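Shown next, in structure tokens, is the structure this report addresses.
The values are calculated or read from the model by the stated rules, or taken from the named source; none is laboratory data. Everything numeric in this text was worked out from a predicted model, so none of it was measured. Cβ: placed from backbone, ideal geometry, glycine included. Neighbour counts: every protein chain shown. Only protein heavy atoms, including side chains, enter the accessible area calculation; ligands, DNA and RNA are left aside. Shrake-Rupley method; radii C 1.70, N 1.55, O 1.52, S 1.80 Å.
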Amino acid sequence: MPTAQHADLDEQIKNINAQLRAGGADILAAIEEAWGTALRADYRPGMAQLRWLHACYHFMRANYADALRLAEESRQLFRTVDRPIELARCLNTIASCHLSLGDPAHALQFFLESRELATRRREANPTLADSLLSSLLNNIALVYDSLGDVEKALELFRENLERKREAGDRAGMLFALNNMVLWGMGIALGLTGLAGWVWSGWRLLRGRDGALRNLLLVVWFLVYFGWLGRNWVATMRYFLPLYPVMALLAAWLLMELLRRTQTMPLRRLLAGGLAAFVVGFTLLWAGMFTNIYRHQL
């Protein structure tokens, strides 16, 4: 199989992976089609990745026995190619299947094997290896916790937190902000709210007239996000108290732009268009986001 066709299939697999992460319900046909292409060409790296993706598909739907079978097939294929970090990721999936099937002893065995491989061969794919190692530390900690070894679990949780801090991710601040802007509020409202917060803060620092009206909003966002964003758990729901603040700052920014352009027809038209776009796009985004939960996978 020519290299160009390898690259095309790798790109197809990458797209399937992205759809799977997004919760795509209709990717099974794409997986099977790509599997047929890789099988006919005897493209082992692609076959191994596709079997792993197929396993993940079933795991996400709680079909743990099928997921385990497919992940084991993926492991055998990965052992025939030089993809150590992908193999370690596959071992992590096998361990997760065992854990979900109520077998923590086997789960721990595969988690530890995955961690050893990802650590030893990290240079093969540093980005994927670091992400996988972080997940593995968390998974291993959960196994020890289920086995009653709380001290060992806490030790691993602390080690994972320290790894994140050394990597420059201060316990998920960028992760939390990305979730808020991209998913929680939508890009238009999220970016407008952030812009309103930055502008309000700048006006406070410069002592502008009326700047104190936004003091509570600016301080609340700074203190709450600065505190919670450094904690171990930084998932989206914990930042819900910031959403009304961001919405108010976004509304203030849009109204302030309209007020300042009252005597400038063209700029006022642009300000009005921006306000209409933010409101309209946010409503559209909310509809698309909630549509995920109105359709069963």
Using a 10 Å cut-off on Cβ atoms, rank the peptides 205-215, 27-37 from the highest mean neighbour count down.
27-37, 205-215
Taking R0 as 25 Å, what's the FRET efficiency between ARG163 and GLU113 from their Cβ-Cβ distance, rounded to 0.05?
0.80
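FRET efficiency for LEU266 and ARG206, Cβ-Cβ distance as r, R0 = 22 Å, nearest 0.05?
The pair LEU266/ARG206 has a calculated efficiency of 0.25.
Put LEU39, LEU254, LEU269 in order of accessible area, largest first, 1.4 Å probe: what do you get?
Heavy-atom accessible area, descending, gives LEU269, LEU39, LEU254.
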In the chain, helical segments from DSSP H whose Cα atoms cover 18 Å or more along their own axis and that average at least 0.0 on the Kyte-Doolittle scale are 28-41, 84-100, 126-146, 187-206, 215-228, 243-260, 265-294
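So what is the accessible area of the chain per residue, in Å², with the probe set to 1.4 Å?
It amounts to 56 Å² per residue over the chain.
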Take the chain, connect every pair of alpha-carbon atoms lying under 10 Å apart with a spring to form a Gaussian network, then pick out the residue of VAL219, VAL245, VAL278 with the largest mean-square fluctuation.
VAL219
Given the Cα-Cα distance of LEU28 and ALA247 and 0.36 nm per residue of separation, how much length would full extension add, in nm?
74.9 nm
For the chain, what is the mean residue ellipticity at 222 nm derived from helices alone (per DSSP H run of n ≥ 4: -39500 (n - 2.57); sum divided by total residues; nearest 500 deg cm²/dmol)?
-25500 deg cm²/dmol
Here the residues of the stretch 240-268 lying in the modelled label zone of ARG213, meaning backbone nitrogen under 20 Å from a point 7 Å along Cα-to-Cβ, are 244-264, 268
